[in-house]
Amino acid sequence: MTGAGADAGRYGPALRVRRFDLGARLGRLGLGAAGFAVVGVAWHLMAVGEVFGTGLLPTPVEVGRVIVDGLGNGLLDDLLISFRRVLIGVGLGLAIAAPIGFVLGWFGIARAMFNPLVNFLRALPPIALVPLVIVYFGIGELSRGIVLVWAAFFATIVIVYEGVAAMEEKYVRAAQTLGATRFEILTKVVFPLSVPHIMTAARVSLGIGWASLVAAELVAAQQGLGAVIQNASNFLDIPTVYAGIILIGVCALVMDTGIRMLSAYVVRWQDRGSR
């Protein structure tokens, strides 16, 4: 038997599983690309057909040209600035909110007391806070960060405390049976089981953060993708508006993919436990 044949015989099932996983991933990637292609074709046809009037809807090629030209003329700097703002703002919101959500999920009294308040505050759109943020904190980077922290904060609290509150009691009871202290139960049982919910909160919060970016950069920002969109809209530069919107979507997709990959690694025990 050849070396390849011997490997196939020895590792046949595992090798087939890996090949199947690779094929499934490539299939999902292809379907995702097909979705973008369908939207791109529809967009092009609408632009060529002047559905919204002459010159009001640029073609994908025109927008792509704006992006390529702009990346060498300052647009890349705007992208990196926005990327940094979202990463820091959402990261702070997540770091502050996750422990609070953990406490609300674990302690029923705290949840009953603060749940209505949390749901009231999370319904307030970040853009509505911009005037007050300017009054209290000025027009600097701090104000933009506060808007992004707010955008991520309450979504994180809700996702984490709902996940902790819905946790199956059998794990806690098993730990108690083995003599675990309350602190050990919190740190070695409840917290590890809440990690998937924290990762989900990170994904959702990043999406909300990018969606709130334009609101955050309304605070007298001279740089950033939100500022690019605002300035371009003032001059009816529609292709640049679309370029800024698409770059926000690309950045959000890249971040979301990164969080999904990290989550798959961090909570890989979850897949093994479900088999």
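Of note:
- Members of region 211-226 that are of a type in the set (A, V, I, L, M), modelled with pLDDT of 80 or more and assigned to a loop (DSSP other than H, G, I, E, B): none
- Note on region 101-118: residues that are surrounded by fewer than 18 Cβ atoms within 10 Å (Cβ to Cβ) and either β-branched (Val, Ile, Thr) or under 22 Å from Thr187 (Cα atoms) (or both) total 5.
- One residue from Arg144, Arg122 being of a type outside the set (A, V, I, L, M, F, W, C) and touching a residue at least 60 places away in the same chain (Cβ under 8 Å): Arg144
- Scanning region 150-188 for residues that are among the β-branched types (Val, Ile, Thr), at pLDDT below 85 and surrounded by 12 or more Cβ atoms within 10 Å (Cβ to Cβ) yields Val172, Ile185, Thr187.
- Residue pairs meeting the criteria (Cβ under 6 Å; at least 6 apart or on separate chains; first within 15 Å of Val214 (Cα to Cα), in region 72-95; second of a type in the set (Val, Ile, Thr) and surrounded by 15 or more Cβ atoms within 10 Å (Cβ to Cβ)): Asp78/Val228; Gly89/Val149
- Qualifying residue in region 251-263 (condition: within 24 Å of Phe154 (Cβ to Cβ), assigned by TED's automatic domain parsing to the domain that holds Ile127 and touching a Gly at 6+ places or on another chain (Cβ under 8 Å)): yes
The values are calculated or read from the model by the stated rules, or taken from the named source; none is laboratory data. Note that the structure is a prediction, hence the values are computed from the model and not measured. Ideal geometry is used to build each Cβ from the backbone, glycine not excepted, and the neighbour counts take in all protein chains shown.
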